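To start, the structure under review is shown below, and the notes come after it.
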Amino acid sequence: MKLTDRLYKIASFVTDGKRIADIGTDHGYIPVYLLKNNKIPFAILADINKGPLENARKEVRHNSLENKTDLRCGSGIEVLEKGEVDEIIIAGMGGILIADILEAKKEVAQNAEKLILQPMQAQEELRKYLLNNGYEIMEETLENEDFRIYEIMTAKYTGKNNIPEDEIYYEVGEKLLNNKNELFTEFINKKIRSNKAILDKLDGIESETISEKRREIEIKIKKLENLL
């Protein structure tokens, strides 16, 4: 089995020998890959929808992994009990939804040795939730797939809030700065272009609210440029 670059990068964050849960498993490609390569002993595959879970079941059967897996239909980590798995993958969802999933059954999220998270959007909101609710973001990286740059992070509950010195680090994780790969410059430049496009749309519109918005965006662009 060959994973896409995004899925392979997510799978690479799983610690060898750990029991995992893959939330929103879809076809179950990540846990099946990890099991087939003897990297993990057991996986729970969960999805809120029956269709994707049936796809995962077919993949499990095709690879004769029934005795190493448990498939569950339900919402987020509410299908898990505290201590059932060591590490939890939540990938391919919005950052706000991932935060809601972690909040919905905190004893499970907080007990996990590692959370492996890949938000599709609202990454800033997810970082803000984690850092303001006792989690430490341990690693972050960027991965390119189909002309899109994905942000992947790992986190662990410590009980201590980790408020960054500047709000720009909610948008661009500090661990990304420490782990600048070849995608970092492109990643930041995309953000700069996006913010400049918003400024262009505001051009010629005069009001106190718009002027304040323009100032905020100009400050953000300067902060982003300073990260390069």
Any residue at all in region 6-17 that is open to solvent by 10 Å² or more (accessible area, probe 1.4 Å) and over 18 Å from the mean Cα position of the chain (by Cα)? yes
Give region 205-226 a look and list any residue that's exposed (fewer than 11 other Cβ atoms within 10 Å of the Cβ) and small (Gly, Ala, Ser), or say none. SER207
Looking at region 203-228, I want the residues that are under 30 Å from LEU183 (Cβ atoms) and have a partner that is open to solvent by 90 Å² or more (accessible area, probe 1.4 Å) with Cβ atoms under 7 Å, at least 6 apart or on another chain. Which pairs are those? ILE221/LYS196
Yes or no: LEU142 in a helix (DSSP H, G or I) and touching a helix residue (DSSP H, G or I) at 6+ places or on another chain (Cβ under 8 Å)? no
Of (1) open to solvent by 60 Å² or more (accessible area, probe 1.4 Å); (2) on the phi > 0 side of the Ramachandran plot, GLY28 satisfies every one except (1)
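Conditions tested, residue by residue: (1) within 30 Å of GLU171 (Cβ to Cβ); (2) of a type in the set (Val, Ile, Thr); (3) modelled with pLDDT of 95 or more; (4) in contact with a strand residue (DSSP E or B) (Cβ under 8 Å, 6 or more places away or on another chain).
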position: PRO31; (1), (2), (3), (4): no, no, yes, yes
position: LYS36; (1), (2), (3), (4): no, no, yes, no
position: ASN55; (1), (2), (3), (4): no, no, yes, no
position: ARG61; (1), (2), (3), (4): no, no, yes, no
position: CYS73; (1), (2), (3), (4): no, no, yes, yes
position: VAL79; (1), (2), (3), (4): no, yes, yes, yes
position: GLU87; (1), (2), (3), (4): yes, no, yes, yes
position: ALA91; (1), (2), (3), (4): yes, no, yes, yes
Those residues of region 105-131 that are open to solvent by 60 Å² or more (accessible area, probe 1.4 Å) and either touching a residue at least 60 places away in the same chain (Cβ under 8 Å) or part of a helix (DSSP H, G or I) (or both) come to a total of 7
Report, by residue number, each residue of region 176-227 that is in contact with a helix residue (DSSP H, G or I) (Cβ under 7 Å, 6 or more places away or on another chain) and polar (S, T, N, Q). ASN195
Which residues, taken from region 40-99, are farther than 23 Å from ARG6 by Cα, in a loop (DSSP other than H, G, I, E, B) and either open to solvent by 20 Å² or more (accessible area, probe 1.4 Å) or among the small types (Gly, Ala, Ser) (or both)? SER64, GLY74, SER75, GLU81, LYS82, GLY83, GLU84
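The values are calculated or read from the model by the stated rules, or taken from the named source; none is laboratory data. This structure is a prediction, so every number in the text was calculated from the model and none was measured. For neighbour counting, all protein chains shown are included, and Cβ atoms are generated from backbone atoms with ideal geometry for every residue, glycine included. Calculation scope for accessible area: heavy atoms of the full protein, side chains included, ligands and nucleic acids excluded. Shrake-Rupley method; radii C 1.70, N 1.55, O 1.52, S 1.80 Å.
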